[in-house]
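J.: Structure incoming, see below.
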Amino acid sequence: MIFHEKLNLKFDVNAMREEMSSMYELGPRVTQGEVGEFGGWSLQTDDGDWRRGFEQGGYYENESNERFTYGQARPTHEYNKPTAACIGIFSDIINELEEKGFHPHRTRITALDPGQSTSWHLDGKENEYAVRLHIPITTNPNCYFEVRNEGIVHMPADGHAHVVDVATMHQARNEGTTSRIHFLAQVWVTQGYSEHFVVTESRKNISSYYNMMGYYTYLKMLDEQAKG
């Protein structure tokens, strides 16, 4: 199974690090649920508030490997409104991803503290198209993205974008001594920038794809009506 791909897309990571000062000026990062070590600032939310975007929604497992769900998060395609954090290089990256057919939604700057990890979880139903794009901003060699029974990958902060399959049981771990900060976006890859994660004709029956495309078309229609 292929769960990770490094893309031939590179961004200015130094500019991203400099822009992080703007995030801290907005206020302390929002933390997700009971995992107080994971959180950040949202660039796109359902209502334009940067404090949203970290609502839990997905499929989790407890210590006994019993699976359960959280339903607080809105459907991903509704997280399309820019927030006060969507500025500078971060806004530019979102616009570039849109132009390149990634359709970024629920874009966030996420932070994971040293020695911490997320819970094991899925961000979509198994076999559903659920893909996230990562651009590491700061990291250390002991930060990992792991898919259960499949493998582990480290994503260096060299400016390259990566995509990962999150409809698999996975977690992020920071076993180092410095923070892991990533630019993170839910994407639907509709052009040829990925070898393994493009939404092909055979995958368009997937509900998440239709939800995104229907909402995207609706927004374009509203924009055209406003201009007309």
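J.: Using a 10 Å cut-off around each Cβ, can you sort Tyr24, Tyr129 from fewest to most neighbouring Cβ atoms?
T.: The fewest-first ordering by Cβ neighbours comes to Tyr24, Tyr129.
J.: For a quick protection proxy, order the peptides 130-136, 80-86, 47-53 by their average other-Cβ count within 10 Å, most packed first.
T.: 130-136, 80-86, 47-53
J.: According to a simple spin-label model (label point 7 Å from Cα along Cα-to-Cβ), what is the distance in nm between Asn140 and Gln56?
T.: 2.6
A short reminder: the numbers here are calculations on the coordinates, not readings from a lab. No experiment lies behind these values; they were computed from the predicted model shown. As a convention, Cβ positions derive from the backbone with ideal geometry for all residues, glycine included, and neighbour counts pool all protein chains shown.
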